[in-house]
Amino acid sequence: MLLKKLTEASGVSGNEKEVRNIILDEIQDFVDDIKVDRLGNIIAYKKGKDNPKKLMITAHMDEVGLMITDIDDMGLLKFTTVGGIDKRILVSKPVLIGDNKVLGVIGAKPIHLQKREEWQNALEIEQLYIDIGVNNKTEGEKLVSIGDYVIFNSQYVEFGDKLVKAKALDNRVGCSLLIELIKEIEDIGFYGVFTVMEEVGLVGAGPVAYTVEPDLSIILEGTLCYDIPKLDSHLIPTHLNKGPAISLMDRTTLFDMEFRKRITKIAEENHIPYQYRKSSMGGNDSGKIHTTKEGSVTATISVPCRNIHSPTSVMSKQDYENTYKLLKTILLEYEKGEL
Amino acid sequence: MDIKELLEALCNTNSISGDEYRLEGIIMPVFKEFTDDIVVDKLGNIIALKKGYNNKGNIKVMLAAHMDEIGLMVKHIEENGFIRFTSIGGIDPRTILGQEVIVHGKENLFGVIGSKPPHLQEKDEIDRAIKIEDMTIDVGFTKEQLMNLISIGDTISIRRDFKTLQGNRITARALDDKAGVAAMYECIKELSRLQHEPDVYFVSTVQEEVGVRGAFTSAYGINPHIGIAIDVGFGATPELSKTDTLEMGKGPGITIGGNIHPGLRKKLVDVAKDYNIPFQYEIAPGPTGTDGRAIQITREGIPTLCLSIPLRYMHTSVEVVDILDIKNTAKLLAFFITTITNTNLEGLLCY
């Protein structure tokens, strides 16, 4: 299954190779032009009838993770975070290190030896380390190098009422949607772009927009979902199972109102549920895309993901299907020249 | 069965304190093969007896390793189907955020313990640990759907598979104290190749994590001449003081302190030296945090020993042990038992 393959692959920002290769394999027979640019972004093009506006749909390939910074005398590995990770979710988790995916665990001080105030405070990254089971530095150096990327060891699991648990749903869910669009849509011309290093500062998106020069851009994302009980509804950024989330604004973009309204109108006309992303926190590739060269009109459409940036992110297959349906309908409108 | 195979089966089966019966199907058949009798007592302790040879005075040695593990329990189901929960045994709330869990309802339900996205956190939030009462479990069903699947009081365990690390190291949930149960099994196998006078009772105890309860009743029932608790000790890591810890791969810790009979402990050390079995010392001046503390004060008092298998990250779901340490623990126990005879027992127990 595509989403399983994509989420279980390793692709921490700056090390997207494994994910990139899966995507290239999936789409190369379905596009008219494809290239990997100097930063590692995939820029694919599907031909269609002439359209006055150039459309680009993007999804970032990278995920948050860790990087090895030191191997100590006991053979324990120190690390730093790549992208926004809550240090508190690292404790007591298995991880996979480097290209060979060496298994390690992030342990913690036994509760028996803690002072009471200790367990009220979060553990700092500097206090954590990865144990791969070696006795010393020399043994460790044979298996791991400083600079190795680290991913969470978390499998794709379907559970509950059509839910999915996986790591890296942000943003393999966007990659999966875009791959499926590229494979299914025929005779509609658009650029399908998979970017690198979104999680460390929207690095790949600017150069891509510079190359493609899109008039319209749709950014596909897995976005914040925090619908816990007893939270005021205005504090809930998105709900699970309420359909694709359309962004209003975030820290990087005030999304084009006309484009956004056009999209919600399309959803309404086609009876596709949607919701607004009611948080101005976070940001995505749109931040770079809408300000590159003379600029581009952008919209972000996201699949809500609970526990984002953690090994146990959760999304709904129903939301995925509705997001896909909306995207397809948008493309049909685009073909008619009505976007 | 290979010790690693057994340990994998034990660790991959959940046995939260009070809910240990799930292990009966694993422990009973493999222990039965090498023992003369096996029973489950009223609290759920599994007691296997291996009879001694020429045991005129009917001397008895009891080994105890606890088969229960720490876990969680369902407390409340929210309107949107999220589950509120509490802990069973000593759980550091910091170790359960973002974990996958299994809720042991009518059927086993997969779920995750949610976390707040970093994007939405206030600046000072990130430095505070999240309390268990502020966490929720998401099993992906509505409250209505859950009504027939989950009840208040169902146990919940962290979902973690047994895995092999480098060398002889393994990682799993609840190696505390399934490593001890595996050591008892290895000891039975060793003893089946040796001759021993004492009757040996191998007890997989219940409810150690909530107050060494199974050890009290089983020790009372068996009334042994010698009780030996096999548990885990703190494996050395950089943040712990050297004096509090045992080194990994350097053999079992032999406990010294008030919980331990000094004469028997000296004998145990002599046996380790005679048979070249590596060992370390573990210092515990008062009652230990093991079944040994219960055994010692059962009936009119029972001479007690404790052996500790070095284990890193105790009470997390990524505990680490070295298989060699388990094997050496088993070997030391077996040879020690062979040196206890009807003739020398009284002398060993004398002050």
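Looking at the structure I just gave you, is B:Thr245 farther than 27 Å from B:Ile38 by Cβ, surrounded by fewer than 24 Cβ atoms within 10 Å (Cβ to Cβ) and in the same structural domain as B:Ile47 (by TED's automatic domain parsing)?
Against the criterion (farther than 27 Å from B:Ile38 by Cβ, surrounded by fewer than 24 Cβ atoms within 10 Å (Cβ to Cβ) and in the same structural domain as B:Ile47 (by TED's automatic domain parsing)), B:Thr245 qualifies.
List pairs: first in region A:118-138 and on the phi > 0 side of the Ramachandran plot and surrounded by 19 or more Cβ atoms within 10 Å (Cβ to Cβ), second among the basic types (Lys, Arg) and part of a strand (DSSP E or B), Cβ under 9 Å, 6+ apart or cross-chain?
If the second residue must be among the basic types (Lys, Arg) and part of a strand (DSSP E or B), the pairs left are A:Gly133/B:Arg169.
From the list B:Gly140, B:Gly153, B:Gly81, pick out the single residue that is assigned to a loop (DSSP other than H, G, I, E, B), over 30 Å from B:Ile188 (Cα atoms) and within 7 Å of chain A (Cβ to nearest Cβ).
None of the other options fit; the residue is B:Gly140.
Have a look at B:Leu146, B:Leu120, B:Leu109, B:Leu72 and point out the one that is surrounded by 14 or more Cβ atoms within 10 Å (Cβ to Cβ), without any contact (Cβ under 8 Å) to a residue 12 or more places away in the chain and aliphatic (A, V, I, L, M).
Criteria check complete, one pass: B:Leu120.
Report those strands (runs of 3 or more DSSP E) wholly inside region A:1-83 carrying at least 2 residues which are buried (at least 21 other Cβ atoms within 10 Å of the Cβ).
Of the strands (runs of 3 or more DSSP E) lying wholly inside region A:1-83, those with at least 2 residues that are buried (at least 21 other Cβ atoms within 10 Å of the Cβ) span A:42-46, A:55-60, A:65-71, A:77-82.
Answer yes if at least one residue in region A:86-97 is surrounded by fewer than 19 Cβ atoms within 10 Å (Cβ to Cβ) and at pLDDT below 95, and no otherwise.
Checked against the condition, which is being surrounded by fewer than 19 Cβ atoms within 10 Å (Cβ to Cβ) and at pLDDT below 95, region A:86-97 yields at least one hit.
Looking at region A:71-80, can you tell me whether even one residue there is modelled with pLDDT of 95 or more, away from chain B (no Cβ under 12 Å) and within 28 Å of A:Phe194 (Cβ to Cβ)?
Within region A:71-80 (the criterion being modelled with pLDDT of 95 or more, away from chain B (no Cβ under 12 Å) and within 28 Å of A:Phe194 (Cβ to Cβ)), the answer is yes, since at least one residue qualifies.
Limited to region A:111-149, what total is found for residues that are more than 29 Å from the chain's Cα centre (by Cα), within 11 Å of another protein chain (Cβ to nearest Cβ) and among the acidic types (Asp, Glu)?
Number of matching residues: 3.
Condition check ((1) β-branched (Val, Ile, Thr); (2) surrounded by fewer than 18 Cβ atoms within 10 Å (Cβ to Cβ); (3) within 14 Å of chain B (Cβ to nearest Cβ)) across all residues:
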| site | (1), (2), (3) |
| --- | --- |
| A:Ile151 | yes, no, no |
| A:Asp161 | no, yes, yes |
| A:Val173 | yes, no, no |
| A:Glu198 | no, no, yes |
| A:Pro237 | no, no, yes |
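Before we move on, is B:Gly227 assigned to a strand (DSSP E or B) and under 17 Å from the mean Cα position of the chain (by Cα)?
yes
Just checking, does region A:241-257 include any residue being polar (S, T, N, Q), surrounded by 18 or more Cβ atoms within 10 Å (Cβ to Cβ), touching a Phe, Trp or Tyr at 6+ places or on another chain (Cβ under 9 Å) and within 11 Å of chain B (Cβ to nearest Cβ)?
No, the conditions are met nowhere in region A:241-257.
Please specify each residue of region A:99-127 satisfying the condition of being touching a helix residue (DSSP H, G or I) at 6+ places or on another chain (Cβ under 8 Å) and at pLDDT 95 or above.
A:Asn100, A:Val102 - these are the residues of region A:99-127 that are touching a helix residue (DSSP H, G or I) at 6+ places or on another chain (Cβ under 8 Å) and at pLDDT 95 or above.
Could you tell me which residue of region A:217-232 is surrounded by the fewest Cβ atoms within 10 Å (Cβ to Cβ), considering only residues that are within 12 Å of another protein chain (Cβ to nearest Cβ) and either out of contact with any Gly (no Cβ under 8 Å at 6 or more places or on another chain) or not in a strand (DSSP E or B) (or both)?
So, considering only residues that are within 12 Å of another protein chain (Cβ to nearest Cβ) and either out of contact with any Gly (no Cβ under 8 Å at 6 or more places or on another chain) or not in a strand (DSSP E or B) (or both), the one surrounded by the fewest Cβ atoms within 10 Å (Cβ to Cβ) is A:Lys230.
Just checking, does region B:271-294 include any residue being under 21 Å from B:Ile188 (Cβ atoms), under 19 Å from the mean Cα position of the chain (by Cα) and within 14 Å of another protein chain (Cβ to nearest Cβ)?
Yes, the conditions are met somewhere in region B:271-294.
Check A:His290 against each of (1) surrounded by fewer than 19 Cβ atoms within 10 Å (Cβ to Cβ); (2) within 22 Å of A:Pro214 (Cα to Cα) and name the one condition it does not meet.
Unmet for A:His290, out of (1) surrounded by fewer than 19 Cβ atoms within 10 Å (Cβ to Cβ); (2) within 22 Å of A:Pro214 (Cα to Cα): (1).
Cβ-Cβ distance below 9 Å, separation of 6 or more or different chains: which pairs start in region B:203-220 with a residue that is on the phi > 0 side of the Ramachandran plot and surrounded by 23 or more Cβ atoms within 10 Å (Cβ to Cβ) and end on one that is of a type in the set (Val, Ile, Thr) and outside any strand (DSSP E or B)?
Final answer for the pair search is B:Val212/B:Thr290; B:Val212/B:Ile295.
Could you list, in sequence order, all residues of region A:98-110 that are under 24 Å from B:Glu247 (Cβ atoms) and either part of a strand (DSSP E or B) or more than 7 Å from chain B (Cβ to nearest Cβ) (or both)?
Within region A:98-110, A:Val102, A:Leu103, A:Gly104, A:Val105, A:Ile106 qualify.
Kindly indicate the residue of region A:301-335 that is within 14 Å of another protein chain (Cβ to nearest Cβ) and polar (S, T, N, Q) and also surrounded by the most Cβ atoms within 10 Å (Cβ to Cβ) among those meeting that condition.
A:Ser310
Kindly provide the set of residues from region B:84-106 that are crowded, with 22+ Cβ neighbours inside 10 Å, part of a loop (DSSP other than H, G, I, E, B) and within 20 Å of the chain's Cα centre (by Cα), ordered by number.
B:Asp92, B:Ile96
Within region B:97-132, how many residues are more than 9 Å from chain A (Cβ to nearest Cβ) and of a type in the set (A, V, I, L, M)?
Residues meeting the conditions: 4.
With the structure loaded, tell me whether B:Gly301 is assigned to a loop (DSSP other than H, G, I, E, B) and either within 27 Å of A:Val134 (Cα to Cα) or more than 14 Å from chain A (Cβ to nearest Cβ) (or both) or whether it fails that test.
yes
Being of a type in the set (Phe, Trp, Tyr) and not in a helix (DSSP H, G or I) is the filter here, so list the residues in region B:17-73 that pass it.
Listed by number, the residues that qualify are B:Phe34, B:Tyr53.
Of (1) outside the structural domain of B:Gly98 (by TED's automatic domain parsing); (2) surrounded by fewer than 23 Cβ atoms within 10 Å (Cβ to Cβ); (3) not in a loop (DSSP other than H, G, I, E, B), B:Gln195 satisfies all except one. Which?
With respect to (1) outside the structural domain of B:Gly98 (by TED's automatic domain parsing); (2) surrounded by fewer than 23 Cβ atoms within 10 Å (Cβ to Cβ); (3) not in a loop (DSSP other than H, G, I, E, B), B:Gln195 is out only on (3).
Here are B:Ala182, B:Ala215, B:Ala219: which of them is of a type in the set (Gly, Ala, Ser), assigned by TED's automatic domain parsing to the domain that holds B:Gln280 and over 15 Å from the mean Cα position of the chain (by Cα)?
Unique residue meeting the criteria: B:Ala219.
Find the residue count for region B:153-162, including only residues that are surrounded by 18 or more Cβ atoms within 10 Å (Cβ to Cβ) and under 13 Å from B:Leu10 (Cα atoms).
2
The values are calculated or read from the model by the stated rules, or taken from the named source; none is laboratory data. In this text, all values refer to a predicted model and were calculated from it rather than measured experimentally. Glycine gets a Cβ as well: all are built from the backbone with ideal geometry, and neighbour counts include every protein chain shown.
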